[in-house]
Amino acid sequence: MSDNSNIEWTDATWNPVRGCTKISPGCKHCYAETFAERFRGVPGHPFEQGFDLRLVEPALELPLRWRSPRRIFVNSMSDLFHDDVPEAFIRRVFDVMRRASQHEFQVLTKRSERLAEIAASLDLPDNVWTGVSVENEKYTCRIDDLRRVPAHVRFLSVEPLLGPIAELDLSGIHWVIVGGESGRRARPMAAAWVRPIRDQCIREHVPFFFKQWGGVRKHVTGRVLDGCTWDQMPRRRPDRRTSSQRFLAVVNG
């Protein structure tokens, strides 16, 4: 868990689950696994068990102790909808998010089918955003599952973007994040893959957030796309009237 997160589109992270297993090409060079496995076998470390999946009961109510409002990325070091996370525990996580109504929670998954299945029987509070990862054309099917989720904000994390994606169906989608892979084995991302997504978001009035170019030295490649930094976000507690009223546009350049 981390307050003051370095992830550009959130304020803090909360991990009531740690560890995961790979499910699609975007997982190949998982930053969370790389970090966690460094500490396997270190007595007393939160990742003493490496990236093995486990529930973290002591962390469950942490957001209730954070008084000032934050955007909180849920399970930056796992996937809440992993098959090995019991549904009863998932419901307890959502209960904490409902009680911690001062915050906005960003729940991101690659297990979109399970998200849609469980969300159908949840009373999703307005402060919970749900999103899916879409790393290439093959996995745009996750967006269809996401549309079935009655969340106030539904978002896409197109990161790491591993190839061109034909025009996305953004109906019912309220935010799009795009980014390249980082780390010493990072797969490159082409600007020609990013621009069509950005341009479509502009046409359809969907907030667009460009997270990073990535690469081995992401601090050097930076976050600038065509001379601008794209930091568009959904407004806090966005209204439901029109998509053009849903976002706070921050474009610097």
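The values are calculated or read from the model by the stated rules, or taken from the named source; none is laboratory data. What you see is a predicted model; the values in this text were computed from it and never measured. Glycine also receives a Cβ, built like all others from the backbone with ideal geometry; neighbour counts cover every protein chain displayed. Side chains are part of the model used for accessible areas, which takes the heavy atoms of the whole protein and leaves out ligands, DNA and RNA. Shrake-Rupley method; radii C 1.70, N 1.55, O 1.52, S 1.80 Å.
Qualifying trypsin sites (Lys or Arg not before Pro) in the range 1-50, where qualification requires a DSSP coil assignment and no more than 15 other C-beta atoms within 10 Å, comprise LYS22, LYS28, ARG38, ARG40. 3J(HN,Hα) couplings calculated from phi for the range 105-115 with the Karplus curve 6.51 cos²θ - 1.76 cosθ + 1.60 (θ = phi - 60°) are, in sequence order, 10, 10, 9, 10, 9, 9, 8, 5, 5, 5, 3 Hz; Gly and Pro show x.
Give me the percent of DSSP beta bridges within the range 1-115 that run antiparallel, rounded to the nearest 5.
Values: 4 of 12 bridges.
Bridges in the range 1-115 that DSSP calls antiparallel: roughly 35 percent.
Quick one: work out the % antiparallel among DSSP beta bridges in the chain, nearest 5. Mind dumping the intermediate values first?
Working: 11 of 38 bridges.
For the chain, the DSSP antiparallel bridge percentage is about 30.
If a paramagnetic tag sat 7 Å from the Cα of GLU137 along the Cα-Cβ line, which residues of the range 193-227 would have the backbone N under 14 Å from that point? Answer for this model: 193. Under a model in which nothing but the beta-carbon of Lys, Arg (+1) and Asp, Glu (-1) is charged, the range 44-127 shows a dipole of about 420 debye around its Cα centre. With N counted as the residues of the range 158-217, its alpha-carbon radius of gyration over 2.2 N^0.38 Å works out to 1.13. Ordered by solvent-accessible area of protein heavy atoms (1.4 Å probe), largest first, the residues ASP11, ASP123 come out as ASP123, ASP11. Close amide H partners of VAL134, meaning residues 5 or more places away or on another chain with modelled amide H under 5 Å apart, are SER157, VAL158, GLU159. Can you give me the relative contact order of the range 20-71 as a percent, contacts being Cα pairs under 8 Å and 6 or more apart? The normalised contact order for the range 20-71 reaches 26 percent. Residue by residue, the range 144-155 carries 3J(HN,Hα) couplings of 4, 5, 4, 4, 7, 8, x, 8, 5, 10, 10, 9 Hz when phi is fed to the Karplus relation 6.51 cos²θ - 1.76 cosθ + 1.60 (θ = phi - 60°); x denotes Gly or Pro. Using θ = phi - 60° in the Karplus curve 6.51 cos²θ - 1.76 cosθ + 1.60, the 3J(HN,Hα) couplings for the range 69-80 round to x, 9, 8, 10, 7, 8, 6, 5, 10, 5, 9, 4 Hz; x is entered for Gly and Pro.
Once backbone amide H atoms are built at 1.01 Å from N, MET233 has LEU248, VAL250 as its partners under 5 Å, excluding neighbours fewer than 5 places away on the same chain.
Amide H contacts of ARG71 (H built 1.01 Å from N, in plane; Pro and chain starts excluded): ASP11, ALA12, GLU104 sit under 5 Å, all sequence-distant by 5 or more or on other chains.
A simple spin-label model places pseudo-atoms 7 Å from Cα toward Cβ; at GLU117 and ARG217 they are separated by 4.7 nm. Its Cα gyration tensor gives the range 22-74 an equivalent ellipsoid. The semi-axes, each the square root of 5 times an eigenvalue, are 24, 17, 10 Å from largest down. Counting only DSSP H runs of at least 4 residues, each contributing -39500 (n - 2.57), and dividing by the residue count of the chain, the helix-based mean residue ellipticity at 222 nm comes to -6000 deg cm²/dmol.
Compute the FRET efficiency between ALA191 and PHE39 as 1/(1 + (r/R0)^6), taking r as their Cβ-Cβ distance and R0 = 35 Å, and round to the nearest 0.05.
Once the sixth-power term is evaluated, E becomes 0.45.
For the pair the range 60-80 / the range 184-222, the C-alpha centres are spaced 26 Å from each other.
How much length is gained if the chain between LYS22 and ASN4 is pulled fully straight, taking 0.36 nm per residue apart and subtracting their Cα-Cα distance, in nm to one decimal? Mind dumping the intermediate values first?
Numbers: separation 18, 0.36 × 18 = 6.48 nm, distance 2.74 nm.
Separation in residues times 0.36 nm, less the Cα-Cα distance, equals 3.7 nm.
Please label the shape of the range 41-147 as rounded, prolate or oblate, based on the square roots a ≥ b ≥ c of the eigenvalues of the alpha-carbon gyration tensor (a/c under 1.5 means rounded; beyond that, a/b larger than b/c means prolate, else oblate). Oblate, since a/c reaches 1.5 and b/c is not below a/b. Got a number for carbon plus sulfur as a percent of the chain's accessible area, 1.4 Å probe? Taking all protein chains in place, the chain shows 50 percent carbon and sulfur surface.
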